[in-house]
Every structure is written in structure tokens, then in C-alpha cells.
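Note sheet for the following structure.
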Amino acid sequence: KDAPSVLGAGAVERWRDTGTLEVMHHGQGGTRLVNYALYEDGLRYDGLSADVTQPALIFQGLRDESVDHRIVEQYAAVRSNVTLTLLDDDHQLVASLPRMWSEMTTFLELT
């Protein structure tokens with residue numbers, strides 16, 4: 001499989017050679033080292049063919065540098081149980097929290 005474009009040319013090879021990749025962990029407010037084994041394990045699965053049958057609501061930022069919105073759109077397009085909301089936001093979706101809350105309450109029938 002192709003290396004994730006967000007890492008840039010040669011980055012996966014450097015990750016493999018060094019064994020770790022430094023990434024930003026927004027939840028913990030700092031960088032963390034991720035072992036290359038995580039990447040290798042991920043190659044074993046095809047997330048686009050996962051059989052998810054329960055209703056799902058996905059929020060995806062159009063300016064997300066970690067997750068390509070086009071892949072999420074492909075995933076949602078072939079699943080009638082998935083509702084996808086594309087947002088003019090980045091990976092953290094902080095600016096979209098009010099809209100997300102509103103859509104979640106409707107989706108979960110909380111109103």
C-alpha cells in the first residue's frame with residue numbers, strides 16, 4: 001500500500017528504519033513516539049470494506065492534514081447507514097463543536 005501522503009516522501013521509510021515516528025498528540029498537548037509496528041499492523045486491514053451496520057454519524061474536516069476527507073467520503077458514499085458532515089475545519093474540529101453538538105442531538109434523538 002502507498003505511504004500516507006501527510007507524512008511526505010520517504011517518511012515511512014525513515015519511520016521503518018528508526019522504528020518510531022514523533023507525532024503530535026493533541027489530547028495530551030505534546031508529541032509522542034509511535035512505533036512502526038502500528039503502521040505495519042494497520043496495513044493488515046481494509047477499513048473501507050469494514051462491515052459496519054449500525055447508524056453512524058461522521059464529522060470530517062476539509063482542512064484535516066491527518067485524514068484525507070476524500071477517503072471518508074468514499075467510505076460514507078457506499079453505506080446508507082452513514083451520515084457524513086464535511087466541515088470547513090481541521091483535524092481537531094474545535095471551530096465546529098457547536099454545529100456538531102446540534103447535529104449529534106438530532107442524530108441521537110435527544111431533542
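Given the structure, is residue 79 free of Cβ contacts under 8 Å to residues at least 60 places away in the same chain, surrounded by 14 or more Cβ atoms within 10 Å (Cβ to Cβ) and over 16 Å from the mean Cα position of the chain (by Cα)?
yes
Here are the criteria: (1) without any contact (Cβ under 8 Å) to a residue 12 or more places away in the chain; (2) in contact with a strand residue (DSSP E or B) (Cβ under 8 Å, 6 or more places away or on another chain). Tell me which single one residue 98 does not satisfy.
Checking residue 98 against (1) without any contact (Cβ under 8 Å) to a residue 12 or more places away in the chain; (2) in contact with a strand residue (DSSP E or B) (Cβ under 8 Å, 6 or more places away or on another chain), the one that fails is (2).
Residue check, residue 89 against (1) assigned to a loop (DSSP other than H, G, I, E, B); (2) loosely packed, with under 14 Cβ neighbours inside 10 Å; (3) of a type in the set (D, E, K, R), all met but one. Which one?
The single condition residue 89 does not satisfy is (2).
Which of the residues that make up the stretch 11-52 are among the basic types (Lys, Arg) and without any contact (Cβ under 8 Å) to a residue 12 or more places away in the chain? Can you show your working first?
Start the filter on the stretch 11-52 by keeping residues that are among the basic types (Lys, Arg), which leaves 14, 16, 32, 44.
Within the stretch 11-52, 14, 32, 44 meet the criteria.
Among the residues of the stretch 23-41, what is the count of those that are open to solvent by less than 70 Å² (accessible area, probe 1.4 Å) and either assigned to a helix (DSSP H, G or I) or out of contact with any strand residue (DSSP E or B) (no Cβ under 6 Å at 6 or more places or on another chain) (or both)?
So the count comes out to 6.
Just for the stretch 52-73: of the residues that are surrounded by 12 or more Cβ atoms within 10 Å (Cβ to Cβ) and polar (S, T, N, Q), which one is farthest from residue 7 (Cα to Cα)?
Selected residue: 60.
The values are calculated or read from the model by the stated rules, or taken from the named source; none is laboratory data. Computed from a predicted structure; not experimentally measured. No Cβ is skipped: glycine too gets one built from the backbone with ideal geometry, and neighbour counts run over all protein chains shown. Please note that ligands, DNA and RNA were not included when accessible areas were found on the heavy atoms of the full protein model with its side chains. Shrake-Rupley method; radii C 1.70, N 1.55, O 1.52, S 1.80 Å.
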